[in-house]
Each structure stands twice: as structure tokens, then as C-alpha cells.
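J.: Let me give you the structure first, and then I'll get to my questions.
The values are calculated or read from the model by the stated rules, or taken from the named source; none is laboratory data. Please read these numbers as outputs of a predicted model, since none were measured by experiment. Glycine gets a Cβ as well: all are built from the backbone with ideal geometry, and neighbour counts include every protein chain shown. These accessible areas exclude ligands, DNA and RNA; they are computed on the full protein's heavy atoms, side chains included. Shrake-Rupley method; radii C 1.70, N 1.55, O 1.52, S 1.80 Å.
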Amino acid sequence: FVLDQITPLPLKTEVDGDGNNLATYSLGAGQILTVQVKGRAKVFNPTRDLTNSGTFSEIPQSLKEKYLLPQKYWEVEDTFIKKTVEETTQNITKDSQVENVAQKLFQKTVSLLSYNTARITPNLTRLGAKEALLNSNNAVCMEFADLYLTLLRRAGIPAQLIEGYA
């Protein structure tokens with residue numbers, strides 16, 4: 001990503017641990033600030049060879065600690081999420097192949113949700129995984145991503161959401 005211009009200038013900028021560029025502004029209570037960013041980005045989808053993904057016993061502890069946690073929109077402790085993962089993956093062991101479980105959970109995600117193009121509006125409200133399951137005919141891209149990430153984390157596969165806006 002090449003940043004050509006940002007108006008108004010932020011108080012500071014930094015790159016977080018995941019490589020995201022963050023800009024900091026100071027606003028008063030109730031104040032609204034429109035920030036205009038001009039830049040260029042090369043968007044690509046790298047090919048990943050999941051056949052060498054290994055087994056659950058090979059997942060580094062550092063990744064588990066960072067990317068298995070429940071967070072807003074990713075309700076990994078929810079009863080329905082737990083049940084969905086258990087029914088889909090059945091008996092994951094330390095010798096189970098990560099690739100096989102990830103593929104099953106992907107197929108489950110796309111079978112559970114239906115895309116609703118009518119929801120695509122400027123003020124789209126993000127539902128999160130649990131709410132997406134409760135409103136399965138009302139999903140957009142974010143709900144598919146949130147549900148898949150949540151199912152992966154629940155199954156013990158560290159997962160991180162990578163997103164962008166243009």
C-alpha cells in the first residue's frame with residue numbers, strides 16, 4: 001500500500017503487530033471527523049498449499065494463544081457454535097489434519113448462510129458469527145468471514161481476519 005495523502009493529518013501513525021497501518025486522531029465528545037485517504041494498493045490472493053498444513057499437534061502454541069480467543073463478533077464459546085463444530089468435525093485429535101477440518105468448516109459455513117445483496121448499504125451493520133447463524137438468510141461477505149473464523153477458532157485452528165476497504 002502506498003499512501004499518497006491523508007487529510008487531515010493524524011496525530012500519529014503506527015503499524016500494529018499484524019501489519020495494519022493505524023492513524024490516531026483526537027476528537028471531542030460527539031465530534032465527527034471525515035478523513036480522506038488517497039493511495040494505491042496492490043490486491044492479490046496468494047495461493048496457499050494446504051496439503052502441507054500438518055496436524056493439530058504441530059500448531060505452534062504462540063499462534064493458539066493469539067488466534068483462538070473469543071472476541072467481539074467471534075463467539076467461540078456460544079452453544080450453537082460449539083454444536084456446529086462438533087457435528088461438522090467430529091472427534092478432532094492431535095493427529096487430525098488441519099487441512100481436512102478447515103475444508104469441512106468452510107463447506108459448513110457456505111451451506112449455513114445465504115447472501116443478501118439488499119443489505120449492502122453505506123451504513124451496513126456487522127452481525128458477527130452468532131447473529132449470522134440466527135439470521136442465516138441475511139448474510140454478506142463479513143458474516144461469511146466472521147462465521148468461518150469463529151468455527152475455525154472453536155475447532156482449535158488459529159485464525160485471523162484480514163480485511164480491507166476501497
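J.: Taking only pairs six or more apart or across chains, which ones have beta-carbon atoms under 8 Å, a first residue in region 98-126 that is free of Cβ contacts under 8 Å to residues at least 24 places away in the same chain and open to solvent by 90 Å² or more (accessible area, probe 1.4 Å), and a second residue that is part of a helix (DSSP H, G or I) and among the hydroxyl-bearing types (Ser, Thr, Tyr)?
T.: As it stands, the answer is LYS104/THR88; LYS104/THR89, since those pairs meet every condition given.
J.: Being among the hydroxyl-bearing types (Ser, Thr, Tyr), free of Cβ contacts under 8 Å to residues at least 60 places away in the same chain and surrounded by 14 or more Cβ atoms within 10 Å (Cβ to Cβ) is the filter here, so list the residues in region 137-165 that pass it.
T.: TYR148
J.: Let me ask you something else. Counting only residues that are open to solvent by 60 Å² or more (accessible area, probe 1.4 Å) and under 14 Å from ALA41 (Cβ atoms), which one in region 6-28 is modelled with the highest pLDDT?
T.: Filtering first and then ranking leaves ASN21.
J.: Let me ask something additional. Go through the residues of region 82-97 one by one and say whether even a single one is touching a Phe, Trp or Tyr at 6+ places or on another chain (Cβ under 7 Å), over 30 Å from GLU58 (Cβ atoms), surrounded by 15 or more Cβ atoms within 10 Å (Cβ to Cβ) and of a type in the set (Gly, Ala, Ser).
T.: no
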